[in-house]
Amino acid sequence: MIFLALALAVGGPHEQISVHRPVATIDSELGMFGAATQMSEITIRDGWLQEAPPSQKITAAYMVIENHGKADIALTRATSPVIDVIELHKMELSNGFMKMKRVESINIPSGGEVELKPGGYHLMVIGLKQPLKEGDTVTISLEFSNGRRQAIEIPVKPRSAMMKEGE
Amino acid sequence: MKYFFWAAIVSLLLVVGSGAQTVAAGKPARIQTGRDFKLTDENGRSFSLSQLRGKVVLLFFGYTHCPDACPTTMARLARAGQLLGNKADRVVTVFVSVDPGRDTPSVLKDYLAYFHMNSIGLTGTKTEIDAVVKEYGAKYEIEQSDSAAGYHVNHSTDLYLLDQKGSLVQTFGYNDGIQSIVDGVRPLLK
């Protein structure tokens, strides 16, 4: 189990995690930072990083980002101590042709949410500094257009474990 | 099946109003018989499609650096294999790389091993691969970008079902679910 201190994401205004669900380690963090979570305009839930085949250094991470604030907020950047580069990407399927585009930001509308999911937006994970397997967790620091920064801790899951009904 | 219907409608519209793009994906049965082709398999050996006569084949085009569509298709096929139970050993997934620059046989071998299924990975020269892509009415484009991942490959996502004689039986669109695939394969295994 890889367990990375939240403090690894340093500098700038810094909110603590508000990840709902998975793994026990995150629950304990929620206990510690529950108050900070409630103050945040942004809630991030159901995050996961797709387990990559051992030889691959590229994968994707997904999550739902909720904006409880009165203004739109955009996700502008993501970093992680165990990943060389994270970019924001979008997949577009048109007539059976799958295109990938890099985007500068992902807008989260006021009072709404955006789901990063297979076939849509993802965090493009480029350069895993160490092999990540199911059971590991990864800390990712997200930066938003309002200057906020939020660290999340998400589990590594194989794609097969995240298939939805009828997919 | 609902998706298949819509895929058919979309295909029809494509044919009727075919504009600048020449996407053939989604058009079933452009090939009636899976003509043989030669590529190189994940062990670096010369491979002919005819070697798989007697097996049901699920063939698609992808690349190992693909973060989204290819892992999804592989996960679907692995699940379909589970649903087919002990008959799954008569079904082979064929992953044809459209990224010969990075997908060497050994890269393909490591990649496929991760998914624990009956599969063959194929690569070759660009010319060899392009001939197979054309044969199946598939499409891909290598897009240079400023991404740290280097270039990426946009590609069609259709999945081709070939019977034991190598004939194309059905083409599944990307939004056809696991059950559609199982329903397509099962009658061939009677």
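We did not get these values from a lab; they are worked out from the coordinates using the rules stated. What you see is a predicted model; the values in this text were computed from it and never measured. Cβ atoms come from the backbone with ideal geometry, glycine included; neighbour counts cover every protein chain shown.
Structure above, values below:
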item: Reachable aspartates and glutamates, given that their alpha-carbon falls under 15 Å from the alpha-carbon of A:K70 and they are not under 8 places away in the same chain; result: A:E41, A:E113
item: Per-residue HN-Hα couplings for the stretch B:56-69 [Karplus 6.51, -1.76, 1.60; θ = phi - 60°; Hz; x = Gly/Pro]; result: 7, 10, 10, 10, 8, 10, x, 7, 6, 7, 5, x, 10, 5
item: Three-way shape call for the stretch A:48-143 based on the alpha-carbon gyration tensor, with the a/c threshold at 1.5; result: oblate
item: Average beta-carbon neighbours from other chains, 10 Å sphere, peptide A:53-64; result: 4
item: Amide H contacts under 5 Å for A:I83, placed H, 5+ residues apart; result: A:K129
item: Anchor B:K165: lysines whose Cα lies under 30 Å away (excluding residues fewer than 8 positions away in-chain); result: B:K2, B:K27, B:K38, B:K55, B:K87, B:K109, B:K126, B:K134, B:K139, B:K190
item: Cα gyration tensor, the stretch A:60-103 - rounded (a/c under 1.5), prolate or oblate; result: oblate
item: Whole-Hz ³J(HN,Hα) from phi, Karplus 6.51 cos²θ - 1.76 cosθ + 1.60, for the stretch A:102-118, glycine and proline x; result: 8, 10, 7, 7, 10, 7, 10, x, 4, x, x, 8, 10, 9, 7, 8, x
item: Anchor A:K157: aspartates and glutamates whose Cα lies under 16 Å away (excluding residues fewer than 8 positions away in-chain); result: A:D46, A:E51, A:E134, A:D136, B:D68
item: Peptide A:124-131, shielding by other chains (average Cβ, 10 Å cutoff); result: 2
item: Under 5 Å, built H, 5+ apart or other chain: amide partners of A:D72; result: A:S110
item: Computed Kirkwood radius, in angstrom, where 1/r is averaged over Cα pairs of the stretch B:24-189; result: 15.8 Å
item: Charge sum, other residues only, whose C-beta stays under 10 Å from B:K87's C-beta, Lys/Arg counted +1 and Asp/Glu -1; result: +2
item: Cβ-based net charge around B:G101, under 14 Å, with every Lys or Arg adding one and every Asp or Glu removing one; result: -4
item: For the stretch B:87-100, 3J(HN,Hα) per residue [Karplus equation, 6.51 cos²θ - 1.76 cosθ + 1.60, θ = phi - 60°, Hz, x = Gly/Pro]; result: 7, 5, 6, 9, 10, 10, 8, 10, 9, 9, 6, 10, 9, x
item: For the stretch B:33-125, alpha-carbon Rg relative to the globular expectation (2.2 N^0.38 Å, N residues); result: 1.03
